[in-house]
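One structure below.
The values are calculated or read from the model by the stated rules, or taken from the named source; none is laboratory data. Predicted model only: the values in this text are computed from it and were never measured. No Cβ is skipped: glycine too gets one built from the backbone with ideal geometry, and neighbour counts run over all protein chains shown.
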Amino acid sequence: MVEMSIDLRRYELGDEKEIAAIHNSDFRERWDGYYLSEERIKKLSDGIMVGLKGNKIVSYALIDMHASLERAEMDEIHIIKEFVTFEDSMSLVKEVLKLIREHGKRFLCFRMDTDFLPELRMVFSYLPGGCTLTGGALVMVRNLKEPIPEYKPPSGIQIREYHSGDEVHIEEVGRAALPETVMSADEVLKRARSPDFLSSEIQVAVKDNQTVGVCSARPIIGKGQRYLGIVVHPEYQRKGVGKALISNILKFAQDMGESYMMLETGITGKGLRLYETMGFGTVKTYNGAKVEIALEKEFAWQLF
């Protein structure tokens, strides 16, 4: 008897219930209850591919098409264990790449850790061209239930919330400090125009009307956390600007009733000591979910 292959299609309304049930069952066994909400899934609806056997969803890929103008980020790709084959894994990945190209993206970024299915590892290894290891990363978390130390900015520097027009200066600081991962003015403006945006989630350090640093706390939908990003102009690094920015953004998230602030950084990143000083720790537990290792491989798949 020939085994029936998986049929692939785009997201349809109602799929979120089945996807959430699969995730919250399979991952609870390995990660002690890592939760994925239906709300989060629906937010990614334009980047979802599902695989079916009969009328049952047995595989899915969740892609964030709004990570940046050029880049899509794979939130999750999963196949129920008893339905995993190399051929179906290859088909799923190819359809995902086709979907991302239709959105005009140049890169697909994703993480490959110890829980990444071997069949999917093989697919990304065998597909020709463009799959590049971009570095290791530490996932760090700060418990917002714990006291947050207050750090004042250096003399002459003011820290305030985001104002309209800051986006251009935020991009300029990013290009000076982290040109390889700069957040563009368009990306900042897009976030600022979101219905759930709060101006206090972006804190800006200013000296003599010049932006010298910025720290943001983007919400992670359905997870009760925020994701921290920070950049300080090279001329003002190691002078206390970073500490003051992070202190302000942590207090903002705490006042919002969030439980955790998370971030990702390189294994030997310049900011590692700063994050540890501000109470971040490399995660052994992540919102109650067991993480096998802190070191993960990050890949960028160049689409064209």
Scope segment 181-199; condition more than 14 Å from Ile230 (Cα to Cα) and assigned to a helix (DSSP H, G or I); matching residues: Ala185, Asp186, Glu187, Leu189, Lys190, Arg191, Ala192, Ser199
Check Ser216 against each of (1) surrounded by fewer than 21 Cβ atoms within 10 Å (Cβ to Cβ); (2) among the polar types (S, T, N, Q); (3) within 18 Å of the chain's Cα centre (by Cα) and name the one condition it does not meet. (1)
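Just checking, how many residues over segment 50-66 are surrounded by fewer than 21 Cβ atoms within 10 Å (Cβ to Cβ), in contact with a strand residue (DSSP E or B) (Cβ under 7 Å, 6 or more places away or on another chain) and not in a loop (DSSP other than H, G, I, E, B)?
Total satisfying the criteria: 3.
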Among the listed residues Ala205, Ala244, identify the single one that is part of a helix (DSSP H, G or I), over 15 Å from Leu263 (Cα atoms) and not assigned by TED's automatic domain parsing to the domain that holds Leu44. Ala244
